[in-house]
């Protein structure tokens with residue numbers, strides 16, 4: 001799911017996890033902020049993942 005890459009504590013999330021979060025926001029048709037809070041993510045991150053998904057930057061592995 002998440003992997004800490006360095007001393008700076010940069011968290012790298014797996015593409016599959018990002019896709020699941022995006023699909024969850026679409027499926028539930030819920031407020032993205034609420035879903036982000038439930039999952040412990042920053043809402044801006046979820047919005048960015050949604051945009052990247054629409055642009056085709058994610059490829060499920």
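The values are calculated or read from the model by the stated rules, or taken from the named source; none is laboratory data. These numbers come from a predicted model, not from an experiment. Cβ sites come from the backbone with ideal geometry, for glycine too, and all protein chains shown count toward neighbours.
What to note about this one:
- From the list 44, 22, the lone residue that is surrounded by 15 or more Cβ atoms within 10 Å (Cβ to Cβ) and in a helix (DSSP H, G or I) is 22.
- Selection count where residues are modelled with pLDDT of 90 or more, outside any helix (DSSP H, G or I) and surrounded by 11 or more Cβ atoms within 10 Å (Cβ to Cβ), scope region 25-41: 1
- Scan of region 52-61 for residues that are over 16 Å from residue 12 (Cα atoms) and either under 9 Å from the mean Cα position of the chain (by Cα) or surrounded by 11 or more Cβ atoms within 10 Å (Cβ to Cβ) (or both), ordered by number: 53
- Within region 42-61, residues that are at positive phi and touching a residue at least 40 places away in the same chain (Cβ under 8 Å) have Cβ atoms under 9 Å from residues that are surrounded by 11 or more Cβ atoms within 10 Å (Cβ to Cβ) and in a helix (DSSP H, G or I) in no pair, counting only partners at least 6 apart in sequence or on another chain.
- Count - residues of region 1-19 that are modelled with pLDDT of 90 or more and part of a loop (DSSP other than H, G, I, E, B): 1
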